[in-house]
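Here the structure comes first, spelled out in structure tokens, and everything after it is commentary.
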Amino acid sequence: MSKKLTKRSDDYSKWYNELVVKADLAENSAVRGCMVIKPYGYAIWEKMQAQLDKMFKETGHENAYFPLFVPKSLFEAEEKNAEGFAKECAVVTHYRLKTNPDEEGKLMVDPEAKLQEELIVRPTSEAIIWNTYKNWIQSYRDLPILINQWANVVRWEMRTRLFLRTAEFLWQEGHTAHATKAEAVAESAQMQRVYAEFAEDFMAMPVVKGVKTESERFAGALETYTIEALMQDGKALQAGTSHFLGQNFAEAFDVKYVTKEGKQELVWATSWGVSTRLMGGLIMTHSDDAGLVLPPKLAPIQVVFVPIYKNEEQFEAIAEKVNEIGDALKAKGVSIKFDKRDTLRPGAKFAEWELKGVPLRVALGARDLENGTLEIARRDTFEKQSVAQKDAVETVLSLLETIQEELFNKAKNYQTAHTTSVDTFEEFKQVIDTKGGFVSAHWDGTAETENKIKELTKATIRCIPLEALEEEGKCVYSGQNSTKRVLFAKAY
């Protein structure tokens, strides 16, 4: 199966699309721009979701759920937010269908069932949530409110790509309310750190933490904190964002609280989110021409056992040993699969699990039983080793840790090698066109220069890195003074 994949070097986009489908992660649906996430793909998302949910709760957040529909009047209350999403909104205008009198067996929208006010299918939930918070907040005693919701949203995309950009996608969105600006800013920065920790420690995907430029900020935000990752084709992926919203939404929805001193003050807000786009990032950070490569911490199946036998007697003896080792691994928290299918030869099973990115494959045959050994193959490096059965559990646990660490190191080395400092626009264009990756360059701080560079090269400012050093320089395009370098890249 894996041999049928287009090579990354031949057509990276085609390779990605084929891999998502052939590895059984997702497929296009009957609804244009929407996807079906298949069980294996959803199992990866569930592992992501479980870990993130744990991290959110450890930082004091609680889960809730808010309506899918947002009345248009609420949606347009915060003007910048409404303007930013207006072109992507799906709108409900009627509340029922009726039989079409001109076409037997067909339905039509009932013209008499028009809604008094249109409903927006949520592209994001600030409006409906802050309208709710108005009822929850009266006093400083009610703050902070630290809420997250796991949900779906709709942003009407015409040019879609599985996981990376679809009209409907799954995500989490945090919405918090605070008594002071300092608390809200600290919350925004904290969630950026949580996202970065998850990306690096669990996805094995190195990221750059930074803030967005004014033109790249979330609609309605005063500051957008971002984590930016670099994919194997040299393009950047915005992997997660956290927004300091100031008092914009509190003002729009009249959300005030009484201070300890008895004064009325507007509340300070944040919102933050990651989505199934992380699945795309996971795939593109590690996978190869043979298929998916999954970091062990997020692999639904960490170890697959493939028996090699000629008759039922051999199979039963092998199965007994596999179950013994498998139970010991499960007791250590390792997820395993014993591939007992008799409809496929071992070679076909190897190819399937290779394509699906299972970190370790264990082969056990009749000769292995006699010798007290088994063969362990790593998915990331294709290395194989013969291991004594008595050492199998210890070896597997060690290898899973090693794979997780080495996948991160490999991706980090790629990011480092593909981060290039330039001082002239000619250098800038050459790197963007040939090498790709992050380009570190001085920028004069104006939207005009930012837009011109995007127009000429299709590269955008991914972020102003938090760790950017103060450094006197000249803008790579305009030649005007600059005090620090920013990161440019072509992006998804």
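The values are calculated or read from the model by the stated rules, or taken from the named source; none is laboratory data. All values derive from a computational prediction rather than experimental measurement. Because the Cβ atoms are built from the backbone with ideal geometry, glycine has one as well, and the counts that use them run over all protein chains shown. Heads up: the accessible areas ignore ligands, DNA and RNA and are worked out on the full protein's heavy atoms, side chains in. Shrake-Rupley method; radii C 1.70, N 1.55, O 1.52, S 1.80 Å.
What number, rounded to the nearest 500 deg cm²/dmol, is the helix-based mean residue ellipticity at 222 nm of the chain, given -39500 (n - 2.57) per DSSP H run of at least four residues and division by all its residues? Write down the numbers at each step before the final one.
Numbers: 14 runs with 168 residues, N = 492.
Helix-only estimate at 222 nm: -10500 deg cm²/dmol.
Using only C-alpha positions, report the orientation-averaged shadow area of the convex hull of segment 244-376, nm², one decimal.
14.1
With N residues in segment 27-75, what two-decimal value do you get for its Cα radius of gyration over 2.2 N^0.38 Å?
Numbers: Rg = 15.7 Å, N = 49, 2.2 N^0.38 = 9.7 Å.
Relative to the rule-of-thumb radius for its length, segment 27-75 sits at 1.63.
Expressed as cubic angstrom per residue, what is the convex hull volume of the alpha carbon set of segment 77-226?
Taking only Cα atoms, segment 77-226 has a hull volume of 181 Å³ per residue.
If one computes the Cα centroid of segment 114-159 and of segment 199-267, what distance in Å separates the two points?
If we compute the Cα centre of each part, the gap is 16 Å.
Looking at the chain, I'd like the Rg to Rh ratio, where Rg is from alpha-carbon atoms and Rh is Kirkwood's inverse mean 1/r.
Values: Rg = 26.0 Å, Rh = 25.3 Å.
With Rh from the inverse mean 1/r over Cα pairs, Rg/Rh is 1.03.
With +1 on the Cβ of every Lys and Arg and -1 on the Cβ of every Asp and Glu, and nothing else charged, how large is the dipole of segment 88-229 about its Cα centre, in debye rounded to the nearest 20?
Numbers: 16 positive and 22 negative charges, 30 e Å.
Dipole magnitude for segment 88-229 comes out near 140 debye.
Over the chain, what is the relative contact order in percent, taking alpha-carbon pairs closer than 8 angstrom and at least six residues apart?
Once normalised by length, the contact order is 14 percent.
Using a 1.4 Å probe, how large is the accessible area of GLU401, given in Å² and rounded to the nearest 10?
140
Just add up the charged neighbours of MET158: K/R +1, D/E -1, any other residue whose Cβ is under 14 Å from the Cβ of MET158.
Overall, the nearby charge balance is +3.
Normalized C-alpha radius of gyration of segment 145-263, against 2.2 N^0.38 Å?
Segment 145-263 yields a ratio of 1.22.
Could you work out the relative contact order of segment 13-101? I mean the mean sequence separation of Cα pairs under 8 Å and 6+ apart, divided by the number of residues, in percent.
Computed over segment 13-101, the figure is 12 percent.
Using the C-alpha gyration tensor of segment 295-371, what are the square roots of 5 times its eigenvalues, in whole angstrom, with the largest one first?
Values: eigenvalues 88, 51, 16 Å².
Listed largest to smallest, the semi-axes of segment 295-371 are 21, 16, 9 Å.
Select from ASN148, SER421, ALA250 the residue farthest towards the positive end of the dipole of the chain; place +1 on Cβ of Lys and Arg, -1 on Cβ of Asp and Glu, and compute about the Cα centre.
Of the candidates, SER421 comes out farthest on the positive side.
Bin width 5 Å, alpha-carbon pairs only: give the P(r) of segment 251-306 as whole percents, running from 0 to the bin holding the largest distance.
Whole-percent P(r) values from 0 Å outward: 4, 12, 14, 13, 8, 6, 5, 6, 8, 10, 7, 4, 2, 1.
Give the calculated FRET efficiency between ALA182 and ARG341 to the nearest 0.05, with a Förster radius of 60 Å applied to their Cβ-Cβ distance. Working shown, then result.
Numbers: r = 59 Å, r/R0 = 0.98.
The formula returns an efficiency of 0.55 here.
Any chance you could look up the accessible area of SER9 with a 1.4 Å probe, heavy atoms only, rounded to 10 Å²?
Approximately 100 Å² of SER9 is accessible to the 1.4 Å probe.
Leaving ligands and nucleic acids out of the surface, order ASP110, ASP233 by accessible area at 1.4 Å, largest first.
On the way: ASP110 15, ASP233 55 Å².
Ranked from most to least accessible, the order is ASP233, ASP110.
Considering only protein heavy atoms, with the full assembly of protein chains and a 1.4 angstrom probe, order CYS463, CYS89 by accessible area, largest first.
Putting CYS463, CYS89 in descending order of accessible area: CYS89, CYS463.
What net charge is computed for the residues neighbouring ALA239, neighbours being all others with C-beta under 11 Å from the C-beta of ALA239, Lys and Arg scored +1, Asp and Glu -1?
+1
So for the chain, taking the charge dipole from beta-carbon charges (+1 Lys/Arg, -1 Asp/Glu), which of ALA319, LEU466, VAL393 sits furthest toward the positive end?
Positive-most Cα among the choices belongs to ALA319.
How big is the accessible area of ARG155 in square angstrom, nearest 10, if you roll a 1.4 angstrom probe over the protein chains?
40
Determine which aspartates and glutamates satisfy two conditions relative to LYS340: a Cα distance under 13 Å, and not lying fewer than 8 residues away in the same chain.
Qualifying aspartates and glutamates at Cα under 13 Å: GLU312, GLU316, GLU320.
Over all alpha-carbon pairs in segment 1-94, figure out the percentage whose distance exceeds 20 Å. Mind dumping the intermediate values first?
On the way: 2859 of 4371 pairs.
Result: 65 percent of Cα pairs exceed 20 Å.
Listed here are the pairs LYS7/LYS297; LYS212/LYS435; LYS54/LYS412; LYS22/LYS212; which of them are more than 30 Å apart at the Cα? Each step should come with its number before you reach the end.
Numbers: LYS7/LYS297 26 Å; LYS212/LYS435 24 Å; LYS54/LYS412 26 Å; LYS22/LYS212 36 Å.
Where the Cα-Cα span goes over 30 Å, the pairs concerned are LYS22/LYS212.
Would you work out which of GLY262, HIS178, THR276 lies farthest towards the positive end of the dipole of the chain, given +1 charges on the beta-carbon of Lys and Arg and -1 on that of Asp and Glu, about the Cα centre?
THR276
Based on Cβ point charges of +1 for Lys and Arg and -1 for Asp and Glu, what charge dipole magnitude is obtained for the chain about its Cα centre, in debye rounded to the nearest 20? Don't jump to the answer; show the numbers that get you there.
On the way: 64 positive and 74 negative charges, 139 e Å.
Dipole about the Cα centre, nearest 20: 660 debye.
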